[in-house]
Amino acid sequence: MESLNRMSLELVDEALDFLDELAIDAFELDNGATVIDFGVDAMGGVEAGMLLAEIQSAGLTSVASSVRRLAGTPRTYVNVTTDHPALSLLCAQKAGWEVSVDGYEALGSGPARALVAEEEEFARIGYADEFDFAVLALESDELPTEATAEHVADYAGVDVGSVFLPTYSTASITGSVATAARAGELAAFRLSELGYDPLDVLSVSAAAPVAPVAASEEGAMARTNDALAYGGEVHLVVDSEFDRFDEVPSTARDEYGTPFADLFEQADWDFYDVPESVFAPAQVTIDVAGGDTYTLGAVDEEMLADSFGLR
């Protein structure tokens with residue numbers, strides 16, 4: 001497999017070529033790193049969010065949008081498909097890098113994580129990337145500084161001028177779209193955490209509603225995670241049976257039915273103090289190749305209508 005960062009960089013170049021069309025912006029920091037504003041000061045949009053999701057997953061996913069009815073209203077959904085779920089979803093898209101530098105805080109996702117390769121997923125999959133450029137998407141309501149870029153360069157083992165930092169606020173159109181694109185990643189991650197071999201997940205297709213943009217980062221964190229836990233639908237094709245498939249969807253959690261606004265408030269709005277197990281899609285269908293099919297969980301449109309403020 002070609003370098004994940006190389007494949008992602010090709011999509012970064014596409015973003016830089018179409019800044020105006022995507023309603024995004026880009027600039028170079030004094031140390032040579034490149035910041036792409038997908039939705040902090042820039043407006044961003046649905047197309048920007050879908051391209052960002054492709055960048056985060058190293059170009060190994062197909063990302064599209066559709067319109068479906070939710071609680072009697074038409075809503076945009078994000079649809080994602082990949083035949084390389086271990087690499088695209090776990091080694092790239094997963095938000096596994098907590099960035100904290102000189103007061104700057106962000107959740108980092110994207111293939112730069114594979115250059116560090118210290119998270120458990122990389123040992124399970126047996127993958128680490130080697131490339132001269134690093135692409136790390138930052139979820140933050142502030143744009144990164146030179147110190148942030150230097151931190152990423154040091155950990156990724158690249159020159160700081162070779163660092164690209166697509167950045168977006170959760171409370172943006174781009175943020176709502178990019179989060180909706182994570183339903184498949186959550187299913188693959190839950191399986192891996194339960195002990196299933198991530199390389200036995202052969203294909204993942206997923207859909208989730210795009211949450212309305214909230215008035216605050218906290219509100220956006222709650223709405224976008226509700227969109228996944230109560231509206232995310234995932235179809236997986238896997239290679240082998242497993243006796244814990246029923247623990248994949250969000251309905252298996254004791255916290256199911258509690259809005260994420262309440263869960264985050266209980267954790268004092270610290271994302272990492274919320275149990276990882278609550279981050280799961282609402283419903284999954286799992287086809288075992290040559291074997292049985294399992295349909296687990298359920299979509300809760302009433303919960304989504306309350307979270308989204310649908311009337």
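Figures for the structure shown
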item: Scope segment 161-180; condition β-branched (V, I, T) and within 19 Å of the chain's Cα centre (by Cα); matching residues; result: T167, T170, I173, T174, V177, T179
item: Counted residues, segment 121-178 - those being assigned to a helix (DSSP H, G or I) and among the aliphatic types (A, V, I, L, M); result: 11
item: Failed item, numbered, when A282 is tested on (1) modelled with pLDDT under 95; (2) in contact with a Pro (Cβ under 9 Å, 6 or more places away or on another chain); result: (1)
item: Qualifying residue in segment 46-63 (condition: in contact with a Gly (Cβ under 8 Å, 6 or more places away or on another chain) and part of a strand (DSSP E or B)); result: no
item: Residues of segment 197-213 satisfying the condition of being out of contact with any Pro (no Cβ under 9 Å at 6 or more places or on another chain) and under 17 Å from T76 (Cα atoms); result: S205, A207, P209, V210, A211, P212, V213
item: Leading residue by the ranking (nearest to M7 (Cα to Cα)) among those in segment 101-132 that are acidic (D, E) and buried (at least 19 other Cβ atoms within 10 Å of the Cβ); result: D129
item: Residues within segment 161-173 that are touching a strand residue (DSSP E or B) at 6+ places or on another chain (Cβ under 7 Å) and farther than 11 Å from A220 by Cβ, tallied; result: 6
item: Residue among E14, E47, E105, E2 that alone is free of Cβ contacts under 8 Å to residues at least 40 places away in the same chain and within 28 Å of A305 (Cα to Cα); result: E47
item: For E302: the one exception among (1) more than 14 Å from A222 (Cα to Cα); (2) part of a loop (DSSP other than H, G, I, E, B); result: (2)
item: Options A227, A261, A214, A222: the member that is surrounded by 14 or more Cβ atoms within 10 Å (Cβ to Cβ), more than 17 Å from the chain's Cα centre (by Cα), modelled with pLDDT of 95 or more and under 16 Å from D306 (Cα atoms); result: A214
item: Residue match in segment 111-121 (condition: closer than 29 Å to F264 by Cβ, modelled with pLDDT of 95 or more, among the basic types (K, R) and touching a strand residue (DSSP E or B) at 6+ places or on another chain (Cβ under 6 Å)); result: yes
item: Selection within segment 36-83 - acidic (D, E) and surrounded by fewer than 16 Cβ atoms within 10 Å (Cβ to Cβ); result: D41, D83
item: Matching residues in segment 225-275 - criterion: being among the β-branched types (V, I, T) and outside any helix (DSSP H, G or I); result: V234, V237, V238, V248, T258, V274
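To keep it simple, each residue is scored yes or no on (1) among the aromatic types (F, W, Y); (2) more than 18 Å from the chain's Cα centre (by Cα); (3) under 25 Å from E218 (Cα atoms).
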| position | (1), (2), (3) |
| --- | --- |
| A112 | no, no, no |
| D141 | no, no, yes |
| T145 | no, yes, yes |
| E150 | no, yes, no |
| D159 | no, yes, no |
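The values are calculated or read from the model by the stated rules, or taken from the named source; none is laboratory data. Only a predicted model underlies this, so the values are computations on that prediction, with no experimental measurement involved. Virtual Cβ from ideal backbone geometry, glycine too; neighbours counted across all protein chains shown.
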